[in-house]
Each structure stands twice: as C-alpha cells, then as structure tokens.
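Asker: The structure that follows is given in the form of structure tokens.
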C-alpha cells in the first residue's frame, strides 16, 4: 500500500512535468529555438529535484507510534518543502520566450499545487493524530486521493502537449530525467 501511495503521488508529479506532445507556436515572431530550449530546461529543472525526492518511501515502524508519527511527518514535510521550491522556481519562469510559456508553467503549477495540498493535508492529519490507527488512516486516505489525481494528471499531460513545446523539451537536458513520465502517465 505505501509503495502504491508513493508511486501515485510521484506519478502525478512526474506527469505534471511530462515533456511530450505536439503542436507548434502560433506566434508570427517566434522566439529563437535556443532560448526556448534553455527556458524549457529551466522549467523541467524546476521540478526534477521534487520528482526525484518523491520516489522514496517513508519508513514505517508500526511498533513505535512516536517514531511512526514523527518519521511520516518529517517525510511529508520534506516533500511539501520540495514542492514549494518547485512552485517558487516555476513562478519565476512564467514569462518565458515562447508564446505559451505562461500557459505551460501555470498548468504545471496547478498540478504541483494539487500534489502539495494532498501532502500538506496528510501531514496535518498525521501531526494531529492520537494513535497509529489515525496515522495509517491518513496515509491510506492520501493513497486514495492520489489515485483520484490520475485523471487530472492525464489532463495536465494533454495540456502540456498542446503548448507546442515538445521539440524544445526533447532537446532540453533538464527534461531528459523526466522522460519516464510518459511511461508512468495514465493512458486513458
């Protein structure tokens, strides 16, 4: 169950940063390809650290409630902080060189915001829990909500494809670490 919850949250995050799709810019004064690739590299780089951090799992020790609570709270806190950093880094990239830069970044911010809310809400529940059952319940609820985010993650991936930045993403070194998102993305 914990692997599923972690994988789903990470999958949602990775799908948010999926660098796939087609389309082309519609602006008559197209930015230089080098500028767009460099900007796209920064966009993917803004979330790469978070996506890597999301791939680990919390260490469950059900024999010691205090350790369980503090360990899971710390794990969730680290994830929330990473998503916050990604959101701040993305905010600075909203005015990129491509006509749809803001659209792409806003979409990524929205998806990451949902991941952040899920993690933060779960952390609050863990922190206020009175026993191990409530802690496990909070984590189980997170897993259920993460699976509900699959449809949203798929919508975000489609939206990113519509921006016409696929070619730039394929050339951006920062996006290469995120390529597995296309295989982990929901297919329906």
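Asker: Peptides 131-141, 102-112, 40-50: what's the order by average Cβ count within 10 Å, highest mean first? Please report the intermediate quantities before stating the final value.
Answerer: Details: 131-141: 16.4, 102-112: 20.2, 40-50: 22.4.
Those peptides, ordered most packed to least, come out 40-50, 102-112, 131-141.
Asker: Still on this model: Sorted by packing (mean other beta-carbon atoms within 10 Å per residue), highest first, where do 55-67, 80-92 land?
Answerer: Details: 55-67: 12.8, 80-92: 17.1.
Sorting 55-67, 80-92 by mean packing, highest first, produces 80-92, 55-67.
Asker: Sticking with this one: How long is region 28-130 along each principal axis, judged by its Cα atoms, biggest number first, in Å?
Answerer: 63, 19, 14
Asker: I'd like the FRET efficiency for residue 34 and residue 78, computed as 1/(1 + (r/R0)^6) with the beta carbon distance as r and R0 of 30 Å, rounded to 0.05. Spell out each step's value before the answer.
Answerer: Working: r = 35 Å, r/R0 = 1.18.
The computed FRET efficiency comes out at 0.25.
Computed from the coordinates by the stated procedures, all read-outs in this text should not be read as laboratory data. Since this is a predicted model, take the numbers as computed values, not measurements. Cβ sites come from the backbone with ideal geometry, for glycine too, and all protein chains shown count toward neighbours.
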